Amino acid sequence: MEWWRSAVIYQVYPRSFADADGDGLGDLSGIRSRLGSLKELGVDAVWLSPFYTSPQHDAGYDVADYRQVDPRFGDLHDFDLLLAEAHSHELKVIIDLVPNHTSSDHKWFQEALAAPAGSPERDRYIFREGKGRNSPPNNWQSVFGGPAWKQVPGEKGGPGQWYLHLFDQSQPDLNWRNPWVREQFRDILRFWLDRGIDGFRVDVAHGLIKKAGLPDADYGSDAKPFSEPYWAQPEVHEIYREWRKVLDEYPGEKVMVAEAWVFPLSKLANWVRPDEMHQAFNFAYLGTPLKAAALRKVIRQSLAAFGSVGAPSTWVLSNHDVVRHATRFGLSADSPQGDGIGPKSKEQPDRLLGLRRARAASLLMLALPGSSYLYQGEELGLPEDVELPDSARQDPTWERTKHKRYGRDGCRVPIPWEKDSPAFGFNSTGKSWLPQPELWSEYSRDQQDGTRGSTLELYKSALRSRKQFNLGTGRLDWLEGFQRNVVAFENGEVQVIANFSAAPVELPEGSILAASESFSGGLPPNTTVWIRKTV
Ligand code: GLC
């Protein structure tokens, strides 16, 4: 069976994983030096967030050259070394592709700015005349807050056209109805495939095509999105069909995974039809509260939706855009994507409860058939940094919303490797682009490695058993006879029981393979266990 159908894929956020040159920002050589730890953890693949040339206004999701490594992260030679070493550890490497927008520093955009309205250069992006002198072409809002249009000077220095930026103003949206743009990206795919990468994570894969005529959005009455004519337009699928053909020219099962915030799951399944992408992130799962009925429903729907098009389901609890799940699960309500948590947030997380519930959730996730995504640091049970000083914040969301939303910096802080080293082993100088909280010393990897009951050992043993019992390629059968607030299923020889009720649960006979907490007697609340059936 193809490797990606059951793979556990670990997201490395290059800025914050390991910093070999000590400047406070992680880099490719740093990642290479720590690959052994990922092998030991037992994952199958690594997904690297962007490391390309970029002014870093959106942490590298603003790409100024798709074929070059930003000098802050290294160079192409460092990339080749990293790829080769990952492969020598039998780790696949997936890289991030950011096709919805470029950086405003990109040559294509600079040329568009220098060219007159109506020119082929401007047609690479979405330039339009405003409605009036000072009013943008339509009412679209940026995901990071504020209007999604910026006006540029006209030819004679007066007010000129407006360009669309669904994200920061330094991220102009490309015009994917232009065949020239499509051709450029097919070449970019080939550039990296020729270097030997194993696939792409496709950023904002639901956004490339905007509805013809760019009609106003309807944001509903309470500022909640209602109809946004820039997401999930049907013509976007043509692009992925073209890309799939490119990938299929290469041997070795190359993959594409869609970052598409599309709901419901039955609609998201269109992204992974047999001639399109291979996987899509399951954000419906990520957003599900730890309640048994809700979990059973989303698992059932995921398996049905992806299964109906022959794709594996994916599962994910954390990434670089959301509050870490060890913190989310310590709150009474979920924190909307991009809001973050800070010192003045209404509710502060219960850290111990959050960790306990996160461990239960992760152990449940890793038993599900399909492919799972892990975000660096979750194997340490790392919480969100909720005490980041405002002066350190870098996510554009913070400024664009005039400090209403904290943004995503709290999950992006460099991770701790060794308790007693500078910057907890992130580098040897102690510098860190976002300050690390003192509290993280106790979460350091060296404190958990080989320590019974640590979160790291829990992940390691789960990943070992997952392989041994082929859970990733298995089949899920629900177990009956448990009380309502318990999720219980069988995947081959393994029974999985997750107790989200308030009372202990009696367990079936069998030997315990993994447990998210140590216990004796019944399975305590907020605990998951894997049991090998006695036959
Ligand atoms: C995706 C990325 C996010 C980025 C945005 C714009 O959602 O995951 O980090 O800010 O796209 O590229």
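The values are calculated or read from the model by the stated rules, or taken from the named source; none is laboratory data. Everything quoted here is computed from the prediction, not taken from an experiment. All Cβ positions, glycine included, derive from the backbone under ideal geometry; neighbour counts span all protein chains shown. Heads up: the accessible areas ignore ligands, DNA and RNA and are worked out on the full protein's heavy atoms, side chains in. Shrake-Rupley method; radii C 1.70, N 1.55, O 1.52, S 1.80 Å.
Some observations on this one:
- Listed residues Leu295, His278, Ala311: farthest to the positive end of the dipole of the range 217-319 (Cβ charges): Leu295
- The chain - share of DSSP beta bridges that are antiparallel (%, nearest 5): 55 percent
- Inter-label distance, nm, simple model (7 Å from Cα along the C-beta direction), Ala212/Ser308: 2.7 nm
- Portion, in percent, of the accessible area of the range 107-164 that falls on carbon or sulfur, probe 1.4 Å: 51 percent
- Leading residue at positive end of dipole, the range 112-261 (Cβ point charges), from Leu113, Ile188, Leu174: Leu113
- Rounded tilt (10° steps) of 351-365 against the dominant C-alpha axis of the chain: 90 degrees
- Table column - 3J(HN,Hα) (Hz), the range 496-509, Karplus curve with 6.51, -1.76, 1.60, x for Gly and Pro: 10, 10, 10, 9, 9, 8, 8, 10, x, 10, 6, 9, x, 5
- Accessible area in square angstrom per residue, the chain, 1.4 angstrom probe: 39 Å²
- Each 5 Å bin, from zero up to the one with the longest distance, holds this percent of the alpha carbon pairs of the range 476-533: 4, 21, 35, 27, 11, 1.
- Mean residue ellipticity (222 nm) of the chain, computed from DSSP H runs ≥ 4 via -39,500 (n - 2.57), nearest 500: -7000 deg cm²/dmol
- Ordering Gln151, Gly130, Trp140 by the projection of their Cα atoms onto the charge dipole of the range 124-187, which places +1 on the Cβ of Lys and Arg and -1 on the Cβ of Asp and Glu, puts Gly130 at the extreme positive end.
- A cut-off of 5 Å between modelled amide H atoms, ignoring neighbours fewer than 5 places along the same chain, links Leu174 with His101, Thr102.
- The charge dipole of the range 51-204, taken about its Cα centre with unit charges on the Cβ of Lys, Arg, Asp and Glu (plus for the first two, minus for the last two), comes to roughly 820 debye.
- Cleavage-rule hits, GluC sites (Glu not before Pro), the range 433-535, DSSP coil, Cβ neighbours within 10 Å at most 13: Glu480, Glu506, Glu509
- On full extension, the segment bounded by Leu439 and Ala115 gains 111.4 nm, given 0.36 nm per residue less the C-alpha separation.
- Amide H contacts for Val255 (H built 1.01 Å from N in the peptide plane; partners 5 or more residues away or on another chain; cut-off under 5 Å): Gly199, Phe200.
- Relative contact order, percent, the range 476-533 [alpha-carbon distance under 8 Å, six or more residues apart]: 33 percent
- Between Gln151 and Lys467, the contour length at 0.36 nm per residue exceeds the alpha carbon distance by 108.4 nm.
- Cα gyration tensor category, rounded, prolate or oblate, for the range 107-164 with a/c compared to 1.5: oblate
- Stretch gain in nm, segment Lys346-Arg452, where the contour uses 0.36 nm per residue and the Cα spacing is subtracted: 34.6 nm
- Förster radius 25 Å - calculated FRET efficiency between Lys291 and Ser511 (Cβ-Cβ, nearest 0.05): 0.30
- The chain, relative contact order [Cα under 8 Å, separation at least 6], %: 13 percent
- Counting only alpha carbon atoms, the long axis of helix 455-468 and the longest principal axis of the chain meet at about 80°.
- The range 107-164, relative contact order in percent, only Cα pairs under 8 angstrom and at least six apart counted: 28 percent
- From the largest down, the chain spans 80, 51, 51 angstrom on the principal axes of its Cα atoms.
- Cα-centred dipole magnitude for the range 476-533, charges only on beta-carbon of K, R (+1) and D, E (-1), debye, nearest 20: 120 debye
- Per-q log10 I(q)/I(0), the range 422-525, q = 0.17, 0.21, 0.23 Å⁻¹ (Debye; single scatterer per alpha-carbon; no solvent): -0.89, -1.12, -1.25
- Among the trypsin sites (Lys or Arg not before Pro) in the range 276-318, those placed in a DSSP loop whose Cβ has at most 15 other Cβ atoms within 10 Å are Lys291.
- Charge dipole (debye, nearest 20) of the range 107-164; +1 at Cβ of Lys and Arg, -1 at Cβ of Asp and Glu: 140 debye
- Where trypsin sites (Lys or Arg not before Pro) fall in DSSP loop in the range 80-163, at most 12 other Cβ within 10 Å: Lys131, Arg133, Lys156
- Summed side-chain charge close to Val535 - residues other than Val535 whose Cβ falls under 11 Å, Lys, Arg +1, Asp, Glu -1: 0
- Built amide H within the under 5 Å cut-off of Asp96, gap 5+: Leu48, Arg201
- Separation of alpha-carbon centers, the range 1-70 and the range 169-226, rounded to whole Å: 22 Å
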